[in-house]
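The values are calculated or read from the model by the stated rules, or taken from the named source; none is laboratory data. Keep in mind it's a predicted model, so treat the numbers as computed, not measured. FYI the Cβ positions are ideal-geometry reconstructions off the backbone, even for glycines, and counts take in every protein chain you see. These accessible areas exclude ligands, DNA and RNA; they are computed on the full protein's heavy atoms, side chains included. Shrake-Rupley method; radii C 1.70, N 1.55, O 1.52, S 1.80 Å.
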Amino acid sequence: FRQPINVPCLGLSDWTGMPNVLPMQPLSRRSFIGQAALAAPVISFAPTLLAKDKNDPNRFQIGIQEYTFHRWIGAGKLDHLDYPALAKKKLGITHIEYWNRPFKGKHIDKKYVGELVKRTTGEGMKNVLILVDAKNQLDSKDAKARTRAVDEHKGWVDCAKQLGCKAIRVNCRSGGNRDENLENAAKGLGALCDYAKGTGVKIVIEPHGGNSQDPDWLLAAMKKINKPNAGLLPDFNNFGRYNRYDGVTKSLPYAPAVCAKALKFDDKGNETNTDYYKMIKIIYESNYSGVISIEFEGHGVDPIEGSLKTKALIQKALKAAAA
């Protein structure tokens, strides 16, 4: 299971006729000027995504991360192959993210992965990325362990390619000396990026423990790795003691997707850990264009209910950002 985070109705048919396409309003002059203040600095080596026009109704899509249902999957209440259909039917979401554990080692079985392709792309759905929590760490101090980690991740690159995913998310949470950890991460991720070259699959680091929770360390890692298919996965709630809004701002130029993590809501429908209006405004005024994925990790709440609340909040925040 994913490392505990360091404490990190809703139909749109009235707008567009599409359940996962979000309406935008024309960009105001004030929002345009604000972009300069909020956007991350342009760095020459950054594989910056070219955003659509700010008012393009197709600029953002809401996605769902499979880890939202990890308790259901663990209890046998939800089968991995049925997860995409549940997302589409119950949530009105067609942009799908996966977690490696429910594959149960079948990610190297092309027939099994092919069945997942049929159940998604064949139904007009889009596969986005896979979260990979591997046994061996790509930033390990031990060179042999890094080599094992690279080999362990190769099958996930192949799986992501077959699914049509943009990326796999990897961990760099060995910690230790900041600079030594940076060198080791560059070696491990660099080798995996070389393997993934030409597949269309990015290798992205999530703030997920150790030095990876430091947004400046993540930027240094991108510079050190210096590969066009290396990236970052901003997570609303995973930057630990660091400022989450600053962390997301700095990570966005390297992001193939964004993780909108939610843990708890107040009686007004606001997430109690993250100011979604502030965070979505940062995303809206950046150059980012793509999927904003729900990852609901709340306790005592049905994951469908939690996901729908998160979806509604994202929609409201996007509407406010566009005003």
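Out of region 184-209, which residues are closer than 25 Å to N127 by Cα, open to solvent by less than 20 Å² (accessible area, probe 1.4 Å) and outside any strand (DSSP E or B)?
L189, G190, L192, C193, A196, V201, E206, P207, H208
Anything in region 74-94 that is closer than 21 Å to K111 by Cβ, crowded, with 18+ Cβ neighbours inside 10 Å and of a type outside the set (F, W, Y)? List them, or say none. Write out each step before concluding.
Of the residues in region 74-94, the ones closer than 21 Å to K111 by Cβ are 79-85.
Narrowing further to those that are crowded, with 18+ Cβ neighbours inside 10 Å: 80, 83-84.
Matches in region 74-94: H80, P84.
Could you list, in sequence order, all residues of region 193-238 that are of a type in the set (A, V, I, L, M) and touching a strand residue (DSSP E or B) at 6+ places or on another chain (Cβ under 8 Å)? Let's see the steps before the verdict.
In the first step, residues of region 193-238 are kept if they are of a type in the set (A, V, I, L, M); the result is 196, 201, 203-205, 218-222, 225, 230, 232-233.
Those that are of a type in the set (A, V, I, L, M) and touching a strand residue (DSSP E or B) at 6+ places or on another chain (Cβ under 8 Å): A196, V201, I203, V204, I205, L218, A221, M222, A230, L232, L233.
Within region 96-106, can one find any residue that is in contact with a Pro (Cβ under 8 Å, 6 or more places away or on another chain), buried (at least 22 other Cβ atoms within 10 Å of the Cβ) and under 21 Å from F60 (Cβ atoms)?
Yes.
Looking at region 122-136, is at least one residue more than 23 Å from I292 (Cβ to Cβ), at pLDDT 95 or above and either in contact with a Phe, Trp or Tyr (Cβ under 6 Å, 6 or more places away or on another chain) or assigned to a helix (DSSP H, G or I) (or both)?
No.
Filter region 244-269 for residues that are touching a Gly at 6+ places or on another chain (Cβ under 6 Å) and open to solvent by 20 Å² or more (accessible area, probe 1.4 Å); which is farthest from K227 (Cα to Cα)?
The residue in question is K264.
Is there any pair linking a residue in region 91-104 that is on the phi > 0 side of the Ramachandran plot to one that is open to solvent by 20 Å² or more (accessible area, probe 1.4 Å), with Cβ under 8 Å and at least six apart or on different chains, and which?
Pairs found: G92/L10; G92/G11; G92/P19.
Yes/no per residue for (1) closer than 29 Å to V113 by Cα; (2) open to solvent by less than 10 Å² (accessible area, probe 1.4 Å):
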site	(1), (2)
H153	yes, yes
K161	yes, no
R173	yes, no
N177	no, no
E180	no, no
N211	no, no
D214	no, no
A220	no, no
Y242	no, no
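Show the residue pairs meeting these rules: Cβ distance below 7 Å; 6+ apart or different chains; first residue within region 291-304 and of a type in the set (D, E, K, R); second residue buried (at least 16 other Cβ atoms within 10 Å of the Cβ) and in a strand (DSSP E or B).
Correct list of pairs: E295/Q65; E295/C259; E295/A260; E295/K261; E297/K261.
For K118, which of the numbered conditions (1) in a helix (DSSP H, G or I); (2) crowded, with 17+ Cβ neighbours inside 10 Å; (3) not aromatic (F, W, Y) fails to hold?
Going through (1) in a helix (DSSP H, G or I); (2) crowded, with 17+ Cβ neighbours inside 10 Å; (3) not aromatic (F, W, Y) one by one, K118 breaks only (2).
Taking the conditions exactly as written (out of contact with any strand residue (DSSP E or B) (no Cβ under 9 Å at 6 or more places or on another chain), open to solvent by less than 10 Å² (accessible area, probe 1.4 Å) and closer than 28 Å to K202 by Cα), does E285 satisfy them or not?
Numbers: out of contact with any strand residue (DSSP E or B) (no Cβ under 9 Å at 6 or more places or on another chain): yes; open to solvent by less than 10 Å² (accessible area, probe 1.4 Å): yes; closer than 28 Å to K202 by Cα: yes.
Against the criterion (out of contact with any strand residue (DSSP E or B) (no Cβ under 9 Å at 6 or more places or on another chain), open to solvent by less than 10 Å² (accessible area, probe 1.4 Å) and closer than 28 Å to K202 by Cα), E285 qualifies.
Run down D139, D109 and say which single residue is open to solvent by 20 Å² or more (accessible area, probe 1.4 Å) and either modelled with pLDDT of 95 or more or not hydroxyl-bearing (S, T, Y) (or both). Working first, answer last.
Working: D139 fails: open to solvent by 20 Å² or more (accessible area, probe 1.4 Å).
Within the list D139, D109, the selection yields D109.
Would region 70-80 turn up any residue that is touching a Leu at 6+ places or on another chain (Cβ under 9 Å), hydrophobic (A, V, I, L, M, F, W, C) and not in a loop (DSSP other than H, G, I, E, B)?
Yes, region 70-80 contains a residue that is touching a Leu at 6+ places or on another chain (Cβ under 9 Å), hydrophobic (A, V, I, L, M, F, W, C) and not in a loop (DSSP other than H, G, I, E, B).
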